[in-house]
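Undergrad: One structure follows; several queries about it will come next.
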Amino acid sequence: MSAEPDDGLNWQRPSPKLLRCRRIQVALVTVPVALIVGLACATASGLAGTLSAVGVLVAGVVAERFLARRVAAWGFAERNEDLMVRRGVMIRRQSVIPYGRMQYIDITAGPLERSLGLATLRMHTAAAASDARIPGLDQAVAAKLRDQLAALGETQAAGL
């Protein structure tokens with residue numbers, strides 16, 4: 001039995017720029033931490049400082065590989081009545097958001113995402129645990145999808 005019965009859907013992926021954004025974020029944290037740890041440990045011994053800095057850099061590379069797999073796991077598919085969003089590497093999570101249940105849809109983008117032309121689309125429903133989001137969309141695609149989902153939400157919610 002397949003773990004994903006909806007494999008026939010047209011799954012769309014985030015922009016490849018999302019991985020670049022995540023790599024930049026890892027580098028912005030890893031390199032300064034490696035320098036600080038290396039300099040702090042270098043006061044005791046030059047070898048200890050070098051090994052500590054290399055250890056932090058290796059941890060950064062491992063984190064980057066993990067993030068690359070996380071980015072590759074994101075996907076969304078539009079169906080007639082709902083939107084499906086899947087994510088997760090070790091624990092796969094698939095959310096189904098009925099268009100008629102969407103209360104509002106917003107687009108967010110941090111400074112790094114804006115510089116790369118990316119945005120995150122977030123769908124809000126009445127459910128408190130709803131955290132449906134699609135990261136790494138090009139800003140124009142995110143705006144178009146937001147408008148499309150809002151229109152579908154209005155037509156589908158008319159019967160409520």
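The values are calculated or read from the model by the stated rules, or taken from the named source; none is laboratory data. As the structure is a prediction and not an experimental result, all values here were calculated from the model. With ideal geometry, Cβ positions are generated from the backbone for all residues, glycine too; neighbour counts draw on all protein chains shown.
Undergrad: Inspect the stretch 9-30 for any residue being of a type in the set (Phe, Trp, Tyr) and within 20 Å of Thr125 (Cβ to Cβ) and give the result as yes or no.
TA: no
Undergrad: Right, next: From the list Asp7, Asp106, which one is among the acidic types (Asp, Glu) and either in a helix (DSSP H, G or I) or at pLDDT below 90 (or both)? Full working, then the answer.
TA: Numbers: Asp106 fails: either in a helix (DSSP H, G or I) or at pLDDT below 90 (or both).
Checking each option against the conditions leaves just Asp7.
Undergrad: Quick check on the stretch 92-100. Is at least one of its residues farther than 30 Å from Val26 by Cβ and part of a helix (DSSP H, G or I)?
TA: Yes - at least one qualifying residue is present in the stretch 92-100.
Undergrad: Which one of these is at pLDDT 90 or above, buried (at least 16 other Cβ atoms within 10 Å of the Cβ) and either under 12 Å from the mean Cα position of the chain (by Cα) or not in a helix (DSSP H, G or I) (or both): Ala119, Ala142?
TA: On the way: Ala142 fails: either under 12 Å from the mean Cα position of the chain (by Cα) or not in a helix (DSSP H, G or I) (or both).
Checking each option against the conditions leaves just Ala119.
Undergrad: Looking only at the stretch 80-99, which residues are of a type in the set (A, V, I, L, M, F, W, C) and over 25 Å from Thr155 (Cα atoms)?
TA: Taking the stretch 80-99 first, the residues of a type in the set (A, V, I, L, M, F, W, C) are 83-85, 89-91, 96-97.
Within the stretch 80-99, Val89, Met90, Ile91 meet the criteria.
Undergrad: Follow-up. Within the stretch 23-32, can you find the residues that are among the hydrophobic types (A, V, I, L, M, F, W, C) and surrounded by 15 or more Cβ atoms within 10 Å (Cβ to Cβ)?
TA: In the first step, residues of the stretch 23-32 are kept if they are among the hydrophobic types (A, V, I, L, M, F, W, C); the result is 24, 26-29, 31.
Listed by number, the list holds a single entry, Val26.
Undergrad: Could you grab me the full set of residues in the stretch 87-103 that are crowded, with 18+ Cβ neighbours inside 10 Å and modelled with pLDDT of 90 or more?
TA: Arg87
Undergrad: Look through Leu137, Leu83, Leu152 and report the one residue that is free of Cβ contacts under 8 Å to residues at least 60 places away in the same chain and among the hydrophobic types (A, V, I, L, M, F, W, C). Break it down stepwise before answering.
TA: Working: Leu137 fails: free of Cβ contacts under 8 Å to residues at least 60 places away in the same chain; Leu83 fails: free of Cβ contacts under 8 Å to residues at least 60 places away in the same chain.
Every option except Leu152 fails the conditions.
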